[in-house]
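None of the figures in this text is laboratory data; all of them are computed from the coordinates on show. Remember, predicted model here, so these are calculated numbers, not experimental data. So basically every Cβ, Gly included, is an ideal-geometry build from the backbone, and we count neighbours across all protein chains shown.
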Amino acid sequence: MFTLSRSEVRELDRRAVEEFGVPSVVLMENAGRGAAELLMRLNPDRKPVVILCGPGNNGGDGFVIARHLDNAGWPVWTIDHPGASQSTGDAAINRTIVERSTIPVLPWLSEVLPTPAGWLVDALFGTGLNRSLDESYAHYFRALGTSEYQTLAIDIPSGLDCDTGEPLGPTVRAAHTATFVAHKRGFLNPKSKEWTGEIHVIDIGAPRALVDQYRTSTGT
C-alpha cells in the first residue's frame, strides 16, 4: 500500500507549491471539494451536516466543505474551534468566505448540536498533530460518540497519530475517513481501523510527477 508519513505529507505539500507552482489555496480547495463530493455520495438523503472546524489547515478544509455543501443545497452548520478565528493564510481565506456566505458558524462546545441526527465532519486536527489533546476534547468526543450522527474524519481522525495509527489521547471515532493523496503510514496498523472506519483517498491535484516520487520510494 502506498502511504505517507507525517513528514512526507508536509514535504509533498511544500514541494507542490514551491517546485511545481500549485498555489496552496488550490490544494485546499481541491481537498475540500473532493471531501464534500464524497460526503454527498455517502449522504444521498441530504441529512443535516455539522462541521467541526479547527484552527489550522484541517479547519480550512472544513470551511471549503461547508461552502460546497451549501452550494449544492445541503443543510450545513460549522462549529468554530476557539483558535479558528485566529487562523491565517488559506484557512483564514476560507473561513471569511463562509462567514460572508451566511453559513451558520456556532460557538465551540455548544451544549446542543443544531440538529438531532445527520452527519458530523471532523475537520479539527490533521496529520501534523503529535501531542495528546486535553480532557475538554475527551468530554466532547464522548458526547459526539453517543449522538445519532455519523462521522466523517478529514485526512485523519483528530487525535490519531499519523505515523503509528495509535491514539495520542482523546480521539474521534469515525465511520469514514477522507484522506488526501494517499493512505497515511499509521493506517498500516490494524488497530487504526477502529478509529478511521472506511478510508477514501481524495485527489487534491498534486502533480502526478511529484506523487510518483513518493509512491516509488515506498516500493509500490
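Using Cα atoms only, what is the angle between the long axis of helix 24-42 and the major principal axis of the chain, expressed in degrees (0 to 90) to the nearest 10?
60
Label points 7 Å out from Cα along the Cβ direction at ILE97 and ASN130: separation in nm?
Distance between the two pseudo-spin positions: 3.1 nm.
Given Cα pairs under 8 Å that are at least 6 residues apart, what percent is the relative contact order of the range 137-220? If you can, show how the numbers build up before the last one.
Working: 130 pairs, mean separation 21.5, N = 84.
It comes to 26 percent, rounded to a whole number.
Compute the long axis of helix 89-100 from its Cα atoms, compare it with the longest principal axis of the Cα atoms of the chain, and write down the angle in degrees, 0 to 90, nearest 10.
So the helix axis and the longest Cα principal axis differ by about 30 degrees.
Under a 10 Å cutoff between Cα atoms, tell me which one of ARG131, ARG95, ARG173 has the largest fluctuation in the Gaussian network model of the chain.
Residue with maximal mean-square fluctuation among ARG131, ARG95, ARG173: ARG131.
Find out how many positive minus negative residues lie around ALA153, taking Lys and Arg as positive, Asp and Glu as negative, among other residues whose Cβ is under 14 Å from that of ALA153.
Working: positive: ARG173, LYS184, LYS193; negative: ASP61, ASP122, ASP155, ASP161, GLU194, GLU198.
With Lys, Arg at +1 and Asp, Glu at -1, the net is -3.
Summing +1 for each Lys or Arg and -1 for each Asp or Glu, what net charge is found among the other residues whose Cβ lies under 12 Å from the Cβ of PHE187? Intermediate values should be presented prior to the final figure.
Values: positive: LYS184, ARG185, LYS191, LYS193; negative: ASP155, ASP161, ASP163, GLU166, GLU194, GLU198.
Once all neighbours under 12 Å are counted, the net charge is -2.
In whole Å, what is the distance between the alpha-carbon centres of the range 192-214 and the range 56-79?
20
Report relative contact order for the chain in percent, whole number only (criteria: Cα-Cα under 8 Å, sequence separation at least 6). Please report the intermediate quantities before stating the final value.
On the way: 445 pairs, mean separation 50.9, N = 220.
Contact order relative to length: 23 percent.
Let me have the 222 nm mean residue ellipticity of the chain computed from DSSP H runs of 4+ only, each contributing -39500 (n - 2.57), with the sum over all residues rounded to the nearest 500.
Numbers: 7 runs with 84 residues, N = 220.
Per the formula, -12000 deg cm²/dmol.
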